[in-house]
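Asker: Got a structure here, written out as structure tokens. Questions coming.
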């Protein structure tokens, strides 16, 4: 005897015995054992923290914070909607919730209405972010902030001359033009090591890093900025509890990174600009439902303990469960599906829904 949890397209569901010739066309049948791998907890081995399931919310810009071009010092404070958003995500059941796009310098924003965590702001960031963090943790999720410094991805209307790895300017995209960057000095690099963000990939890539000093040239030099950040974080922690960011992946794991979220592309690449036709032709997208699972699977082979997830393209819970169940990856990140339906994780784990409505 096999039981299935079934849901109609109108979200009404019921438990029903599978009859040989009874498969209503308006019903999605979700076999609960298929999605069982997604409900398994997983432990971050360095910190000992337990993530309650294998689904996480990827960092997306919220645009739910104060902004006043005439008073930048007091811009970036989270508004009530910011807290409400993270309560919705917590209620939705994600095991790990990433806060999206938190610039660490008020003069270098990804967009206006970003939440900002600048050590030079006159207001108390602990008090300002506390309601949203409390909300995000209220159902047992672990929280990670995406601290970032956009570098050359700073829109021109916000800063005509942002700081970046080198003077390589980003070409217009996303219906925006971007400021002409000024290379960071060594002192500014040391200051950013206390903060970090998008700027890390701009140092790592030879396309955007044209420096001739110890932070440019060969891979080891281009990776130096990332490793300096990891070591600076470790020096400030009472123990080895910290997480995240990807690239020179084995070096970062050896330096103490606990969790990697694998995504890809830049503002100029198809993956970031939404060329879904090109991405859909990739075998991994057709067979497994993720844009980057192939790369994540290869990266996982060189890791000895860190957890690895991938975001971008996940829509089908069966594909997610298959990837986790076969140990191709450890976790699956959801961005737009949770923006469309914050309760999507709960619906997956209860067997009520298989596919995102996107």
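Asker: Order 221-228, 96-103 from most to least packed using the mean count of other Cβ atoms within 10 Å.
Answerer: Per-residue Cβ counts within 10 Å, averaged per peptide and sorted highest first, yield 96-103, 221-228.
Asker: Let me ask something else about it. Give me the distance in nm between label points sitting 7 Å out from Cα along the Cα-to-Cβ direction at residue 212 and residue 355, one decimal.
Answerer: 5.7 nm
Asker: Taking R0 as 22 Å, what's the FRET efficiency between residue 301 and residue 232 from their Cβ-Cβ distance, rounded to 0.05?
Answerer: On the way: r = 28 Å, r/R0 = 1.29.
Using R0 = 22 Å, I get an efficiency of 0.20.
Asker: In addition: Name all residues of the stretch 65-107 having a backbone nitrogen under 13 Å from the label point set 7 Å from the Cα of residue 49 along its Cα→Cβ direction, giving them as ranges.
Answerer: Counting only backbone N, you get 95-99.
Asker: Among 290-296, 43-49, how do they line up by average Cβ neighbours within 10 Å per residue, starting with the highest? Walk me through the numbers on the way to the answer.
Answerer: Working: 290-296: 24.0, 43-49: 15.3.
In descending order of packing, they fall as 290-296, 43-49.
Asker: Run the quick spin-label model on residue 70 and residue 187: label points 7 Å from Cα toward the beta carbon, then report their separation in nm to one decimal.
Answerer: A separation of 3.3 nm, rounded to one decimal place.
Asker: If you don't mind, there's one more thing I want to ask. Mind giving me the nanometre distance, one decimal, between the label points for residue 220 and residue 205, set 7 Å out from Cα along Cα→Cβ?
Answerer: 2.5 nm
We did not get these values from a lab; they are worked out from the coordinates using the rules stated. Since this is a predicted model, take the numbers as computed values, not measurements. Neighbour counts are summed over all protein chains in view; Cβ atoms, including those assigned to glycine, are modelled from backbone coordinates with ideal geometry.
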